[in-house]
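All remarks here apply to the structure that follows.
Computed from the coordinates by the stated procedures, all read-outs in this text should not be read as laboratory data. Treat the numbers as computed from the prediction; the structure is a model and nothing was measured. FYI the Cβ positions are ideal-geometry reconstructions off the backbone, even for glycines, and counts take in every protein chain you see.
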Amino acid sequence: MPAYVLVAAKGSPGVTTAAAALAAVATTGGRSLLAELDPSGGSISVLTGQPAVLGLMDAATQLRRGVSSSAVDDNATMVPHGIATLLAPTSGSVSESVIGSVSERWMPALRLAAADVVADAGRWEPSQSTARRILGADLLVVVVRPTIASVEHTRHLVDRVREFAKRPAAAVVVGAKPYRPEEVAAHLDMPLAGTIAWDPRGANILWTHGMSRGWMRSMLARSATATWAGLGMVVSPPAHLSGDPSLAAAYAPDRPEVPS
């Protein structure tokens, strides 16, 4: 029952689409949840053409009284179609205030509400007032594009986010050109969980039709399926790797305490 937080540095577009694609894949196997925890504002309601709802805002109001699954369950909506999603306000200033108001209670509440959690945390910096929103995840998923600019910006993010959250991190590369995903991950000194296809057509189907047959046949869906499996391998490596102390330390650290 993993909880993944997707973060990115400057110059790494595709985090929201990657998060939605992974949540869609997880939904086919059971109860999953997608959460917008980007302090720059939510974008899913805009991308899907749906009216903005106050899901994240109302959830934060309940979470101020304590961590509970009902705070999430009561305020999630099926947008995109078929994916339980906690939507953030589109305004950056409002989202930042709402997310920061309950800080590290987000991940524990999300974990109580769903078996599989994917959180789109957007661009992350330790100086942000909302920086603690990433605490409590099993794995920090660093989304990066295979370009020089994106890789260089991301290189400065990796150590800071790992040190801050005290969790392992893995790279998910969006697109495969001009540099191979394996090269990108090696340069960042991170395990490569997978590659999300740069597939505008598949993304459009996901946003407009949700988990339709067309979506399941898209390159985006196929790449997200492989990446979801790759993330699981990072969190729970196969038995033949578990005896290696270095791998055990990298892939299976102690889970942090859940705040009340």
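Students often check this: by mean Cβ neighbours within 10 Å, which of 40-53, 112-125, 83-96 ranks highest, and how do the rest follow? All intermediate terms of the calculation are to be shown ahead of the outcome.
On the way: 40-53: 17.2, 112-125: 23.4, 83-96: 21.1.
Going by the mean number of other Cβ atoms within 10 Å, highest first, we get 112-125, 83-96, 40-53.
Report the Stokes-Einstein translational diffusion coefficient (µm² s⁻¹, integer) for the chain, Rh taken as the Kirkwood radius over Cα pairs, at 10 °C with viscosity 1.306 mPa s. The partial results should precede the final answer.
Values: Rh = 18.0 Å.
In µm²/s, the coefficient is 88.
What full-extension length gain, to one decimal in nm, is calculated for residue 46 and residue 115 as 0.36 nm per residue of separation minus the Cα-Cα distance? Write down the numbers at each step before the final one.
Numbers: separation 69, 0.36 × 69 = 24.84 nm, distance 2.67 nm.
The span from residue 46 to residue 115 would gain 22.2 nm if fully extended.
Quick one: of the DSSP bridges fully inside region 1-158, what percent are antiparallel, nearest 5?
Details: 2 of 19 bridges.
Taking every DSSP beta bridge with both residues in region 1-158, the antiparallel ones total about 10 percent.
If packing is taken as the mean number of other Cβ atoms within 10 Å per residue, what is the order of 101-107, 62-68, 32-38, highest first?
Values: 101-107: 21.7, 62-68: 15.4, 32-38: 26.9.
Packing proxy ranking, top to bottom: 32-38, 101-107, 62-68.
Relative contact order for region 1-91 using alpha-carbon pairs under 8 Å, separation at least 6, rounded to a whole percent?
Numbers: 111 pairs, mean separation 30.6, N = 91.
So the answer I get is 34 percent.
Please compute the Kirkwood hydrodynamic radius of region 1-124 from all pairs of different C-alpha atoms, in Å with one decimal. Please report the intermediate quantities before stating the final value.
Numbers: mean 1/r = 0.0716 Å⁻¹.
One over the average 1/r among Cα pairs gives 14.0 Å for region 1-124.
Under the rule of at least 5 residues apart or a separate chain, name every residue whose amide H is placed under 5 Å from the amide H of residue 176.
So residue 176 has HN proximity to 198.
Rank-order 218-225, 134-141 by packing density, defined as the average count of other C-beta atoms within 10 Å over each peptide's residues, highest first.
Ranked from most to least packed, the peptides come out as 134-141, 218-225.
Where does the chain land at 222 nm, in deg cm²/dmol rounded to the nearest 500, when only DSSP H runs of n ≥ 4 count, each adding -39500 (n - 2.57), divided by all residues? The partial results should precede the final answer.
Values: 13 runs with 118 residues, N = 260.
When only DSSP H runs of four or more count, the value is -13000 deg cm²/dmol.
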